[in-house]
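To start, the structure under review is shown below, and the notes come after it.
The values are calculated or read from the model by the stated rules, or taken from the named source; none is laboratory data. A quick note: this is a predicted structure, and the numbers were derived from the prediction, not measured. Heads up, the Cβs are rebuilt from the backbone with ideal geometry, glycines too, and the neighbour counts pull from every protein chain shown. Areas reflect the complete protein model, heavy atoms only, side chains present, ligands, DNA and RNA absent. Shrake-Rupley method; radii C 1.70, N 1.55, O 1.52, S 1.80 Å.
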Amino acid sequence: MELQEIVESAWSAPLQALRNKVSIATQNVSDILTLEVLRTSGHHEAELERSLGSFAGASLDLGAVSKVFGKNAKKAALDSSTYSRVQALHQQLSVWNIDFESRIPSCKVIAISDLPGIEKQAVEHLNQMAECLKLIRMAWLERNSKYDPAVHDSYFADFNWEKLTNDEVGLCPPFVVMIKDQGDKNLFYSTLLPLVTSGLPVKVVLEKSAFYNTYQAFSRSTALRCSLEIEMLPVALKGVYVIQDTVARPQAIAHLQAGLISPRPGLFSILNDADSGRCDQAVLSRALPLFRYDPDKSEVFLKRFDLAENPDLKDVWASSTIEFLNAAGKKDLMQKKITFADFAATEAQYQSDFSDLPANQESRAIEISAYLELPYADRSGKLPFIFFRNSQNALVKKVPSMRIVAQTADKRHLWKSLCEVSGVNNPYLTELEKQLRTEAAKDKESALADLRNDLSSEIEALNQEAVQQAMAKLAGNLAGLSALELGQIAVAPQDKTNPFKMVSAPIASKIQAPVVNFDTPYIESKLCTACDECITIDPNIFAYDSNKQAFIKNAKGGPYKNLLKASKKCSAKIIHPGKEW
Amino acid sequence: MSLTIDDFVQKEESTCSYGMDDYTTEAARWCKGCGGHGALGALQRMLRDNQVHPEEVVCVSGIGCSSRFPHYLRAYGFHTLHGRALPVSVGVSLARPELKLLTVMGDGDCFSIGGNHWLHTLRYNINSMVMVLDNEIYALTKKQVSPTSRIGTVSNTSPRGSYLEPLNPLSVALGISNISFIAQTASWLPGHMQATLEKAWKHKGLAFVRILQRCPVFMPNAFQGGSVDFPGKFLESPEGIPVDKGILRDAPVVAHDPRNINAAQAVAANSHMEKEPLGLIYYNPEVPTYSDIRYSKVATVDRKAKAKLLDDYLTRYSVES
């Protein structure tokens, strides 16, 4: 599927729902007008024939029917201003109903150089959509007879997209601009950034196909020339909905849809390649980190920034098992880390950046993933390489150029930064966790030591007590004393107060009963069955509230005896007459 | 969760806020102390709380005190013949399934002269809330025994006291196939009654609600006069009706599974012997409604073709001059 189709399909369901609502709104307004016609002239013979159809029309005496119905015919149910307002609304809605499709623009595929003029078109589109929602809203107000000219006329007079709420903006088919990423990042950012920061909910789809980066072929592995990375854009523009994905992933449509209905500006960087294998490799090698930044998801930045769909999230490089033919010509498997260099080696544009590892350099060679983990000082003298599966399916060692090494280092740096930004790997938390673990281990040790001490002292005390009791028993036996007498001379029990025993605290405050004033008359209105008893006895004292349940409107509105009588008669027994005044 | 276009329209609808007056036509002319006032008030409060469009409600009734409901409820109304409210409701539910249908009857109207219609409409499971205001007497015609009058009730038609045990409408209803909702409440429990009506209103299918009420003129002592001593027990279940004891002094709360027909039948069968059950007695939202069944079988009626068929048939008997 073409990227444009994917973007449009992400929006098709809400668009259809909006289309249906326009039809229903048109029908509703049309019904109001039809009803008016039927009220005023529905009894005319011609109208009756039209309503009944030719068969029934021919079977009945339409003149007689018309005469009977004509007795109750009204001049007009709607006043003239309402009628003309509904008529105008019907006209506008009918136009929308007929050319709805042509009024909703599809994605605009434009060149980057055309970006500056696009703002005006976006405003026009949004106002067009506001007009559509306004008409639906007016239709529903008319349908429910709730259109109040004093309130609504001025409100709808200058209704434009700025009056829509965030949610309502989400209902409008978005203004989508599709741009091919042609690698010129400076032009891209100088024209794109003003658009996404213009305050318009414009959605920009950035169609990626290649991975360009301007790295000079310096003989060092540090990239000096830096450029703004789209992945880090949420940090700078925290109110823009940003995603990066590939067309090969089915989840991309759902993410796109969520972004398109967001009331915020959106930037969707999508790798568009029919070769899903290449898309997967780009994701696997961190050349294209998948991410989603939804500004409205949470107040916490970490929860707004989502990296979770990347493979081997916690590792710097994702691992993959590759199949190859070994020296003996047999199939073999190898688990290896896939770096950006591994991906670049398969890209046509980087072919010239890879050379075979010279046989005499084996001792210096080190795999690039390990190489990049080394401190700069230790890298000198080392030669980074990658395992590359050649056309014969054999694994060979290839040495990337310094600019590829620099780009791989840059991608590694970017990934690590993203992990920190999204909370996948927070160095402060890692440090804190380590510290807490050490402290917990220490606490555990000391708690164990305390327990051991307590246990040994308790055992000693029990031993002593047992010895004392045995001695007393022995002495008793020797002296010929009874068990009772023995108890009296028994050793005074030790203080065995349990330090953990719960001691009930004295009650600080006494519970006070709520103060009810029985002198004033009142009704437990919630329990009122609205039986009309009290209201009939004295409507000056009792009345119904907004729930149609009785309350005392004015206790002194009538004689006290009426209060007493109502209280006695009340079937629910919920009228409390209070004290006579 | 993002806003959908349906929510947007709903929002517009919710801005049209309805109050009690929007569901009221005139002051109800029932006797003072009548439970009808409470039932009407609870229904109006429920409609207001759910912001139901009055023009989407049809209230059908039979004949009797309670059947004056459509006069007092601002909605479309149909005050039909004695015992015939339900056949009209079946027609409304089939012709206009999109409308909210409410059928109101009394005990004499529903269980006696309309008994056959009642049984079969329960089986049809039409999409309607059916309220039976049961005061155990014919009150509009000034005191005659009804099918639910207690044995020994002295009335104009039974001066020596009625001879038969009353009908148990709950047990009868539970014996009908396709039954999907049975609840019981009382007019002196306004909170519980409103909650019951709300649950019934939201049920798709026939929601049979029996509302116990006293008649202050001809049956003032029915149900212990609807007093604090009324012997009721509340049925409690997670999907049931919230317990609201209101004025009742001593009303136990018992656990009950409304999905279990055997448990529901046991509760219904004992209702006259011990305490009256209050709450959701039986509930099965999976039973299809009659409209669903009928509309699934016949997608559309080809009116033109039918008219032509009839036309052709009649032409056979035409006399050519």
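Worth pointing out:
- Residue check for B:Phe234: under 17 Å from B:Ser128 (Cα atoms) and modelled with pLDDT of 90 or more: no
- Only one of the listed residues (A:Arg412, A:Arg403, A:Arg437) is modelled with pLDDT under 90 and either under 30 Å from A:Lys330 (Cβ atoms) or of a type in the set (Lys, Arg) (or both). That residue is A:Arg403.
- Any hit, the range B:257-265, residues being farther than 30 Å from B:Leu99 by Cβ, hydrophobic (A, V, I, L, M, F, W, C), surrounded by 10 or more Cβ atoms within 10 Å (Cβ to Cβ) and within 14 Å of chain A (Cβ to nearest Cβ): no
- Which listed residue, of B:Gly41, B:Gly108, is open to solvent by less than 40 Å² (accessible area, probe 1.4 Å) and closer than 30 Å to B:Glu165 by Cα: B:Gly108
- Residue match in the range B:3-13 (condition: within 14 Å of chain A (Cβ to nearest Cβ) and under 18 Å from the mean Cα position of the chain (by Cα)): no
- Among the residues of the range A:119-134, those that are away from chain B (no Cβ under 11 Å) and open to solvent by less than 20 Å² (accessible area, probe 1.4 Å) comprise A:Ala122, A:His125, A:Leu126, A:Met129, A:Ala130.
- Across the range A:536-566, the qualifying residues are those that are touching a helix residue (DSSP H, G or I) at 6+ places or on another chain (Cβ under 9 Å) and among the aliphatic types (A, V, I, L, M), and the one among them that is farthest from B:Leu40 (Cα to Cα) is A:Ala555.
- Exactly one residue among A:Arg379, A:Arg389 is over 42 Å from the mean Cα position of the chain (by Cα), open to solvent by 20 Å² or more (accessible area, probe 1.4 Å) and under 21 Å from A:Arg278 (Cα atoms), and that residue is A:Arg389.
- Looking across the range A:1-34, the residues that are within 12 Å of chain B (Cβ to nearest Cβ) and of a type in the set (A, V, I, L, M) come down to A:Ala13, A:Leu15, A:Ala17, A:Leu18, A:Val22, A:Ile24, A:Ala25.
- Of the residues making up the range B:62-78, not a single one is within 30 Å of A:Asp167 (Cβ to Cβ), out of contact with any Leu (no Cβ under 7 Å at 6 or more places or on another chain) and more than 8 Å from chain A (Cβ to nearest Cβ).
- Close Cβ contacts (under 6 Å, 6 or more residues apart or on different chains) running from residues in the range A:527-554 that are in contact (Cβ under 8 Å) with a residue 12 or more places away in the chain and more than 11 Å from every other protein chain (Cβ to nearest Cβ) to residues that are buried (at least 23 other Cβ atoms within 10 Å of the Cβ) and part of a helix (DSSP H, G or I) comprise A:Phe542/A:Cys534.
- Residue in the range B:271-292 that is at pLDDT 95 or above, more than 17 Å from B:Leu212 (Cβ to Cβ) and open to solvent by 90 Å² or more (accessible area, probe 1.4 Å) present: yes
- Among the residues of the range A:135-161, those identified as open to solvent by 30 Å² or more (accessible area, probe 1.4 Å), within 14 Å of chain B (Cβ to nearest Cβ) and among the charged types (D, E, K, R) are A:Arg143, A:Lys146, A:Asp148.
- If you go through the range A:328-357 and keep only what is part of a loop (DSSP other than H, G, I, E, B) and open to solvent by 60 Å² or more (accessible area, probe 1.4 Å), you end up with A:Ala328, A:Lys330, A:Thr346.
- Inter-residue pairs, beta-carbon under 6 Å, first away from chain B (no Cβ under 14 Å) and in the range A:50-79, second outside any helix (DSSP H, G or I) and surrounded by 14 or more Cβ atoms within 10 Å (Cβ to Cβ), 6+ apart: A:Ser66/A:His43; A:Phe69/A:His43; A:Gly70/A:His43; A:Ala73/A:His43
So that you can scan it fast, the table gives a plain yes or no per residue for (1) of a type outside the set (Ser, Thr, Tyr); (2) modelled with pLDDT of 90 or more:
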residue: A:Lys75; (1), (2): yes, no
residue: A:Ser80; (1), (2): no, no
residue: A:Tyr83; (1), (2): no, yes
residue: A:Leu93; (1), (2): yes, yes
residue: A:Asp99; (1), (2): yes, no
residue: A:Pro105; (1), (2): yes, no
residue: A:Ser113; (1), (2): no, no
residue: A:Lys120; (1), (2): yes, no
residue: A:Ile136; (1), (2): yes, yes
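- Filter result for A:Glu45 (more than 30 Å from A:Phe175 (Cβ to Cβ) and of a type outside the set (A, V, I, L, M)): yes
- Exactly one residue out of B:Ser61, B:Ser89, B:Ser66 is out of contact with any Ser or Thr (no Cβ under 6 Å at 6 or more places or on another chain), modelled with pLDDT of 95 or more and closer than 22 Å to B:Leu167 by Cβ: that is B:Ser66.
- Criterion violated by B:Asn125 - all others in (1) on the phi < 0 side of the Ramachandran plot; (2) open to solvent by less than 10 Å² (accessible area, probe 1.4 Å) satisfied: (1)
- Total residues in the range A:244-290 satisfying the condition of being assigned to a helix (DSSP H, G or I), of a type outside the set (A, V, I, L, M) and either open to solvent by 30 Å² or more (accessible area, probe 1.4 Å) or closer than 24 Å to A:Thr165 by Cβ (or both): the figure is 9.
- The range A:303-317, residues that are open to solvent by 30 Å² or more (accessible area, probe 1.4 Å), assigned to a loop (DSSP other than H, G, I, E, B) and on the phi < 0 side of the Ramachandran plot: A:Ala308, A:Glu309, A:Pro311, A:Leu313, A:Lys314, A:Asp315, A:Val316
- Screening B:Leu133 with (1) buried (at least 24 other Cβ atoms within 10 Å of the Cβ); (2) assigned to a loop (DSSP other than H, G, I, E, B) gives one miss only, at (2).
- Qualifying residue in the range B:176-195 (condition: touching a Phe, Trp or Tyr at 6+ places or on another chain (Cβ under 8 Å), open to solvent by less than 30 Å² (accessible area, probe 1.4 Å), more than 20 Å from B:Pro285 (Cα to Cα) and of a type in the set (Val, Ile, Thr)): no
- The residues listed here are B:Gly161, B:Gly77, B:Gly91; of these, the one that is without any contact (Cβ under 8 Å) to a residue 40 or more places away in the chain, small (Gly, Ala, Ser), open to solvent by less than 60 Å² (accessible area, probe 1.4 Å) and part of a strand (DSSP E or B) is B:Gly77.
- Answer residue from the range B:47-70, given it is in contact with a His (Cβ under 7 Å, 6 or more places away or on another chain) and in a helix (DSSP H, G or I) and is surrounded by the fewest Cβ atoms within 10 Å (Cβ to Cβ) among those: B:Pro70
- Unique match (being touching a helix residue (DSSP H, G or I) at 6+ places or on another chain (Cβ under 9 Å) and either closer than 30 Å to A:Lys569 by Cβ or away from chain A (no Cβ under 14 Å) (or both)) among B:Arg45, B:Arg96: B:Arg45
- The range B:112-125 residues that are at pLDDT 95 or above, paired with ones that are β-branched (Val, Ile, Thr) and in a helix (DSSP H, G or I) (beta carbon under 8 Å, 6 or more apart): B:Leu119/B:Val172; B:Thr121/B:Val90; B:Tyr124/B:Val90
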